[in-house]
Amino acid sequence: ALAASWYKKAAEAGNADAMFNLAFAYSEGKGVDIDLALAASWYEKAAEAGQASAMFNLALAYSEGKGVDIDLALAASWYKKAAEAGNADAMFNLAF
């Protein structure tokens, strides 16, 4: 719980890696209750700030409907952005 509170402070101050870590905490219930909608929201903020892993996880959220409605077009868009940012998992997913 302490780590999540520090991630939240840093995320609110604009740190993209903290945004990603906070989103991950909400998606997995690490120190906070699981909240997939809040996780997706923080993944989106981190992705918009250029965090490649967040781009990938946001794409997964849109492709699987975790915290957001399924939107395969948005998922593909975020996979492409993540791949362009160097995320190997996104490159792999785009190959299919």
- Task: Along Cα→Cβ, 7 Å out, is where each label goes; now give me the distance between the ones at E84 and L72 in nm to one decimal.
- Result: 2.2 nm
- Item | Charge context of A49, other residues only, Cβ under 14 angstrom, K/R +1, D/E -1 | -2
- Helix 2-12 versus the longest principal axis of the chain: what is the Cα-based angle in degrees, 0 to 90, to the nearest 10? 60 degrees
- Any idea of the accessible area per residue across the chain, 1.4 Å probe, to the nearest Å²? 56 Å²
- Percent accessible area from carbon and sulfur atoms, the stretch 23-96, protein chains only, probe 1.4 Å: 54 percent
- Task: Give, rounded to the nearest 20 debye, the magnitude of the charge dipole that the chain has about its Cα centre when Lys and Arg contribute +1 at Cβ and Asp and Glu contribute -1 at Cβ.
- Result: 180 debye
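The values are calculated or read from the model by the stated rules, or taken from the named source; none is laboratory data. For clarity, every value in this text was computed on a predicted model and none was experimentally measured. Methodologically, a virtual Cβ is constructed for each residue, glycine included, from the backbone with ideal geometry; neighbour enumeration extends over all protein chains shown. Ligands, DNA and RNA are stripped out before the accessible areas are found, and what is left, the full protein with its side chains, is counted by its heavy atoms. Shrake-Rupley method; radii C 1.70, N 1.55, O 1.52, S 1.80 Å.
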